[in-house]
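Chemist: Got a structure for you, written out below as structure tokens; questions coming shortly.
The values are calculated or read from the model by the stated rules, or taken from the named source; none is laboratory data. Note that the structure is a prediction, hence the values are computed from the model and not measured. When we count neighbours, we look across all protein chains shown, and the Cβ atoms used for this are built from the backbone with ideal geometry, even at glycine. Note: accessible area is taken over every heavy atom of the protein model, side chains too, but ligands, DNA and RNA are not part of it. Shrake-Rupley method; radii C 1.70, N 1.55, O 1.52, S 1.80 Å.
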Amino acid sequence: MSGQVIVVDDEQAIREAVQQWLQLSGFEVRACAGAAEALALVDRDYPGIVVSDVRMPGSDGLQLLDRLLALDRDLPVILVTGHGDVPMAVQALRQGAYDFIEKPFTPERLLDSVHRALEKRRLVCENRQLRQQAALKDRIEASLLGISKPMEQLRRQVLELAQTPVNVLIRGETGSGKECVARCLHDFGPRAGKPFVALNCAAIPESIFESELFGHESGAFTGAQQRRVGRIEHADGGTLFLDEVEGMPLAQQVKLLRVLQEKTLERLGSNKSIQVDLRVISAAKPDLQEEVRAGRFREDLLYRLNVAVLQIPPLRERREDIPLLFEHFAQQAAERLGREAPPLTPGELAGLLGHDWPGNVRELINAAERHVLGLSSPAPQPAAGQSLAAQLEAFEAQCLRNALQRCRGNIAEVMALLQLPRRTLNEKMQRHGISRSDYLPAGGDDQA
């Protein structure tokens, strides 16, 4: 099919003839006998166009035009009349009609107008999609900070998976930002306006885990004085985030599996089934396949949870992000504490880049806060065994990246800023695997 068309005409013979012409030309056609029927098929995201007769009982073509353009000012509407009314044609075009065709007309005249209208609609829809993607990209870059390739890939994967209903397993070390990624999967998807309910499975005593997850009725056990809605039920329509899911007791794993399979749950102390609609995002530090082999995690539940897997890179694998993250967290701490954030010295920056950050982003946040408070140097001790040469290499690479980012990939400006000749700059960028194209603005010229 080469496009979608809604045909509106109260005369059945004309309606069917136009539908047949368009279908023979490869269009997907819906025929409607009146305005109300057509309006029910159109929303702002409708990818096609509308062809409507003007003279119809009830709501005529001009009234339909007004209501369609109220839904979407960019929707092409072609009006058809058998009365040769020039003032009406002028009025229709002023109201926003795409074209006006006088009966009787040839199939070629109609097809020409339909082709042009559909091409306009395609461009409008593509531009809207690009603007939406750009807006999402800007928003997620403010949530998942970083200029490194691993972070670019993670943001791209999050935006793609956010639009799908599949369950996602997030893998990452302690402090790497698993809940932040989970929130982005929720916030950038169709469930964004619904609840995001987080539960740390390792932090809840096994004795109350079932009640916490599934809820309970009054009198279900000693101390249950009133009904309580569990986390799963509270997340209905939205997202349930199970952090440290490897800590979930085996007995509750069985019950969670049943909820995921049947989309229903029963509160503790009740036989009534409650329908739930939710997406489950889980996070784990260890390899859950190893947990399965050790008998601590159910294999069938794992298959339900890891339809898609996101791996968060540790901070030591994206060192070029460290200065940006540190500056961001230091500024946040300064605003919260009512202080100025002291600038980093070259030695402090080298120390940040040389550290392995076993606590990942959480440890970096702590270092930034201490720096603002003036309690200690923000540069932890370099990782054991890391040579001075390695630390200097990391520092030099970061200086190059910072300059390229600041100059938006303009090599002449970078040469002036770093006071380096072109050949030396090229050699250093090549040695560190740095590409100028990564720092050019969107749509920028990639010529040196």
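Chemist: Considering only the range 394-411, I want to know if a residue exists there that is part of a loop (DSSP other than H, G, I, E, B), closer than 19 Å to Ser148 by Cα, open to solvent by 70 Å² or more (accessible area, probe 1.4 Å) and charged (D, E, K, R).
Modeler: yes
Matching residues to (1) of a type in the set (Lys, Arg); (2) within 17 Å of Lys103 (Cβ to Cβ); (3) open to solvent by less than 40 Å² (accessible area, probe 1.4 Å):
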{"residue": "Ile6", "(1), (2), (3)": "no, no, yes"}
{"residue": "Arg15", "(1), (2), (3)": "yes, yes, yes"}
{"residue": "Gln19", "(1), (2), (3)": "no, yes, no"}
{"residue": "Gln23", "(1), (2), (3)": "no, no, no"}
{"residue": "Phe27", "(1), (2), (3)": "no, no, yes"}
{"residue": "Asp43", "(1), (2), (3)": "no, no, no"}
{"residue": "Ile49", "(1), (2), (3)": "no, no, yes"}
{"residue": "Val54", "(1), (2), (3)": "no, yes, yes"}
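Chemist: Still on this structure, I have one more. Please work out which residue is nearest to Arg191 (Cα to Cα), limiting yourself to the range 157-175 and to residues that are within 8 Å of the chain's Cα centre (by Cα) and of a type outside the set (A, V, I, L, M). Quick ask: steps written out before the conclusion?
Modeler: At the first step, the residues of the range 157-175 found to be within 8 Å of the chain's Cα centre (by Cα) are 158-163.
Next, from what is left, pick out any that are of a type outside the set (A, V, I, L, M): 160, 163.
Details: Glu160: 14, Gln163: 9 Å.
Per the criteria, the residue is Gln163.
Chemist: Does Gln153 count as under 27 Å from the mean Cα position of the chain (by Cα) and without any contact (Cβ under 8 Å) to a residue 12 or more places away in the chain? Step through it out loud before you land on a result.
Modeler: Working: under 27 Å from the mean Cα position of the chain (by Cα): yes; without any contact (Cβ under 8 Å) to a residue 12 or more places away in the chain: yes.
The answer is yes for Gln153.
Chemist: Next up: Only residues that are out of contact with any helix residue (DSSP H, G or I) (no Cβ under 6 Å at 6 or more places or on another chain) and surrounded by 14 or more Cβ atoms within 10 Å (Cβ to Cβ): list them for the range 98-114, please.
Modeler: Narrowing the range 98-114 to residues out of contact with any helix residue (DSSP H, G or I) (no Cβ under 6 Å at 6 or more places or on another chain): 101-106, 108-114.
Scanning the range 98-114 gives Ile101, Glu102, Leu110, Leu111, Ser113, Val114.
Chemist: Identify, from the list Leu69, Leu64, Leu75, Leu93, the residue that is in a loop (DSSP other than H, G, I, E, B) and either of a type outside the set (Gly, Ala, Ser) or modelled with pLDDT of 85 or more (or both).
Modeler: Leu75 is the lone residue from the list that is in a loop (DSSP other than H, G, I, E, B) and either of a type outside the set (Gly, Ala, Ser) or modelled with pLDDT of 85 or more (or both).
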